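Novice: Shown below is the structure under consideration.
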Amino acid sequence: MVIFKHEMKQGKTALIVWTAAISFMIGICIMIYPEMSSQMGEVSDMFAGMGSFSQAFGMDKINFGEFAGFFSVECGNVLGLGGAFFAAMLGISALAKEEKEHTAEFLLAHPVSRAKIISGKLFAITAQIAILNIVVIAVTVFSVIAIDIDVPVKTLALLFIAYFLMQFETAAVTFCISAFLSHSGFGAGIALAAVFYFLNIVANLTEQAEILKYITPFGYTEGADIIMNDAINGKYFASGIIFTIAGIILAFWRYQRKDIL
Amino acid sequence: MKAITTNHLAKYYGKSRGIVDISFSVDEGDFFGFIGSNGAGKSTTIRILLGLITATSGLAEIFGQDVKKHKTSILRKIGYMPSEASLYSSMRVKDIICLSAGLRKMDCKAEAQKLCNRLELDTSKKIRELSLGNRKKVCIVCAMQHKPELYILDEPASGLDPLMQHEFYSILKERNKEGATIFLSSHILSEIQRYCKHAAIIREGKLLLSDSVERLGHTGVKRITLQGVDSIPRLEHIKDVKAEQGTISFLYSGEPVLLLKALSILPITDITVTEPDLEEVFMHYYAKEKDGYGNI
């Protein structure tokens with residue numbers, strides 16, 4: 001609990017800044033929806049005619065005239081990409097930053113097992129991602145009430161669950177990498193989140209690259225799939241669970257054996 | 001019971017040498033100095049004792065318990081002060097001290113306050129605002145506030161001003177009198193000589209010797225100072241020659257009779273024979289070109 005509280009305090013400023021930025025952008029997106037919805041028929045036709053570009057972002061299968069379609073693309077990219085960057089930043093700096101700044105020596109000279117330190121840090125990361133998503137959900141609810149429209153609650157709930165799990169998987173993978181590093185891998189963490197995002201774009205472009213959907217956590221956050229099937233893709237999601245569990249197990253295994261120099 | 005025991009301890013970082021074959025022990029209640037130059041292996045040994053790194057081979061025990069198997073229970077008995085004093089820069093001093101106590105699941109507020117008063121530490125400041133000396137003081141409070149049975153201190157006094165060094169060693173002496181064991185590494189040999197009962201010298205990862213500080217000074221070497229001469233006597237076993245106007249000083253480890261014979265023909269006005277201080281002993285063991293008395 002001490003480690004958890006300590007991590008939450010250490011990450012407080014970053015959490016506030018990222019949450020405020022993502023929530024603000026999502027709020028703005030939703031507030032401009034009524035204005036845009038009247039022109040959405042034309043926008044949807046335009047996207048449908050843009051070929052590969054629309055296909056890359058899954059916009060060829062989505063009806064922009066509907067709130068779910070609009071939300072999954074506009075807000076999904078903000079929460080998806082922004083949330084992934086935030087999660088990657090948390091994960092990659094969790095263990096490596098302590099070694100880079102030599103605070104690991106201070107921490108590990110106390111009578112706390114490394115397993116407890118890893119658990120405390122992991123719970124803190126999960127809590128921070130959860131807080132960001134809860135605030136974003138709250139802003140979404142208030143914004144939707146403010147513009148007074150009917151929304152498909154189940155679809156939105158599935159989108160939010162998928163985004164949360166994607167962020168958690170990104171955090172777990174970068175947390176695992178962090179356990180192997182002895183210097184800050186901040187750039188590598190952010191780059192990995194960006195690579196995940198672009199792998200999904202490539203997978204959208206051609207069916208031959210479908211395997212990439214099993215690798216990137218963005219595979220199961222695809223708005224078009226969730227809206228059309230009213231469900232998260234089970235195969236991609238299961239693959240994501242495997243990566244998440246493997247990442248966490250590997251992080252525990254490595255950090256408990258690691259020399260702190 | 002022994003507070004610390006190491007037996008043929010070795011650590012390699014890939015092919016690089018950390019320590020090679022370190023065997024020594026520290027009695028409970030001892031005030032033990034660990035002497036060595038930069039890169040000699042002092043910090044590597046300390047890190048193995050704390051479980052921060054794993055030894056390649058050999059055994060390390062604290063209070064009879066293997067440091068690998070009983071790390072957490074051992075760390076409860078230890079107060080550790082790292083050499084670099086790296087702390088969370090955005091935190092306030094009082095929060096770091098509180099975090100350290102919290103990690104030990106102890107309420108150390110009263111003792112922490114006493115230590116902060118003695119060390120004149122402002123607890124409201126952020127770590128990033130502190131000088132090295134003040135960050136060292138924070139580390140001292142964190143290492144001492146829970147009154148551990150064993151203090152492991154890596155270069156503790158570096159960065160502290162002379163007054164604070166004096167206060168710091170006063171606290172250590174008090175804790176030692178109360179029964180705590182002190183194990184400290186230092187470059188400041190005069191401090192080891194002044195405060196420690198026993199000491200060990202480490203060089204290039206190998207332990208050169210471990211003995212009482214008093215006996216370490218008795219190496220068979222004498223510092224000879226001659227007044228009224230400008231050149232050294234023609235003798236073997238002479239080292240560390242220092243010459244000033246009309247004064248010659250050197251370390252001598254040969255036969256006394258040969259020295260007296262050589263001196264009898266020189267126009268000496270005064271002669272002083274003293275035991276070398278610990279610094280000279282240290283230099284003696286660190287001399288690269290070993291002669292008759294350089295070997296152990």
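The values are calculated or read from the model by the stated rules, or taken from the named source; none is laboratory data. Since this is a predicted model, take the numbers as computed values, not measurements. Virtual Cβ from ideal backbone geometry, glycine too; neighbours counted across all protein chains shown. Keep in mind that these areas ignore ligands, DNA and RNA; they rest on the heavy atoms of the full protein, side chains included. Shrake-Rupley method; radii C 1.70, N 1.55, O 1.52, S 1.80 Å.
Novice: Under the definition of partner shielding as Cβ atoms of other protein chains within 10 Å of a residue Cβ, what is the mean value for peptide A:97-108? Could you put the intermediate results ahead of the total?
Specialist: On the way: counts 0, 2, 0, 1, 4, 6, 8, 2, 12, 15, 4, 7.
The per-residue average across the peptide is 5.
Novice: With every protein chain kept in place and ligands, DNA and RNA left out, what is the accessible area per residue of the protein assembly as shown? Probe 1.4 Å, answer in Å². Working shown, then result.
Specialist: Working: 25350 Å² over 557 residues.
Solvent-accessible surface per residue comes out at 46 Å².
Novice: Here's another thing I want to ask about it. Quickly work out the B:Arg118-to-A:Lys235 label distance, labels modelled 7 Å from Cα along the C-beta direction, and quote it in nm with one decimal.
Specialist: Taking the two extended label points, one gets 7.0 nm.
Novice: Here is a follow-up. Compute, for A:Lys235, the solvent-accessible surface of its heavy atoms (probe 1.4 Å) with the complete set of protein chains present, and express it in square angstrom to the nearest 10.
Specialist: Counting only protein heavy atoms, the figure is 120 Å².
Novice: Specify the angular offset, from 0 to 90 degrees and rounded to the nearest 10, of the alpha carbon long axis of helix B:162-177 from the longest principal axis of the alpha carbons in chain B.
Specialist: It works out to around 80 degrees.
Novice: Between B:Arg17 and B:Thr54, what FRET efficiency follows from the Cβ-Cβ distance if R0 is 25 Å, with the result rounded to 0.05? Working shown, then result.
Specialist: Numbers: r = 16 Å, r/R0 = 0.64.
E(calc), rounded to 0.05, equals 0.95.
Novice: A further question on this structure: List the pairs from B:Lys11/B:Lys69; A:Lys12/B:Lys109; B:Lys11/B:Lys239 whose alpha-carbon separation is above 27 Å, in the order I gave them. Walk me through the numbers on the way to the answer.
Specialist: On the way: B:Lys11/B:Lys69 18 Å; A:Lys12/B:Lys109 25 Å; B:Lys11/B:Lys239 34 Å.
Beyond 27 Å: B:Lys11/B:Lys239.
Novice: Please build a GNM for chain A, connecting alpha carbons under 10 Å apart, and tell me which residue among A:Gly219, A:Gly80, A:Gly187 fluctuates the most.
Specialist: A:Gly187
Novice: Over the heavy atoms of A:Lys9, what accessible area does a 1.4 Å probe trace out, to the nearest 10 Å²?
Specialist: A:Lys9 has an accessible surface of roughly 150 Å² with all protein chains in place.
Novice: Compute a Gaussian network model of chain A, connecting alpha carbons closer than 10 Å, and tell me which residue from A:Asn133, A:Asn204, A:Asn229 fluctuates the most.
Specialist: A:Asn229
Novice: Listed here are the pairs B:Lys42/B:Lys206; B:Lys2/B:Lys206; B:Lys125/B:Lys147; B:Lys71/B:Lys105; B:Lys94/B:Lys125; which of them are more than 18 Å apart at the Cα?
Specialist: Values: B:Lys42/B:Lys206 10 Å; B:Lys2/B:Lys206 21 Å; B:Lys125/B:Lys147 24 Å; B:Lys71/B:Lys105 16 Å; B:Lys94/B:Lys125 8 Å.
Too far apart for the 18 Å limit: B:Lys2/B:Lys206; B:Lys125/B:Lys147.
Novice: In addition: Once every Cα of chain B carries one equal point scatterer and solvent is ignored, give the base-10 log of I(q)/I(0) from the Debye formula at q = 0.08, 0.09 Å⁻¹, two decimals.
Specialist: -0.43, -0.53
Novice: Please work out how much length the chain gains when fully extended from B:Val241 to B:Lys177, using 0.36 nm per residue of separation minus the C-alpha to C-alpha distance, in nm with one decimal.
Specialist: Details: separation 64, 0.36 × 64 = 23.04 nm, distance 4.03 nm.
Length gained, B:Val241 through B:Lys177: 19.0 nm.
Novice: Can you work out the Karplus-derived ³J(HN,Hα) for every residue in segment B:114-130? Use 6.51 cos²θ - 1.76 cosθ + 1.60 with θ = phi - 60°, whole Hz, and x for glycine or proline.
Specialist: 4, 5, 4, 5, 5, 8, 6, 9, 7, 7, 8, 7, 7, 4, 5, 8, 8
Novice: Measure off, as a whole percent, the carbon and sulfur share of the 1.4 Å-probe accessible area of chain B, all protein chains present.
Specialist: Numbers: 6910 of 13990 Å².
The computed percentage sits at 49.
Novice: Could you work out how far helix B:132-144 tilts from the main Cα principal axis of chain B, as a 0 to 90 degree angle to the nearest 10?
Specialist: Approximately 70 degrees, to the nearest 10.
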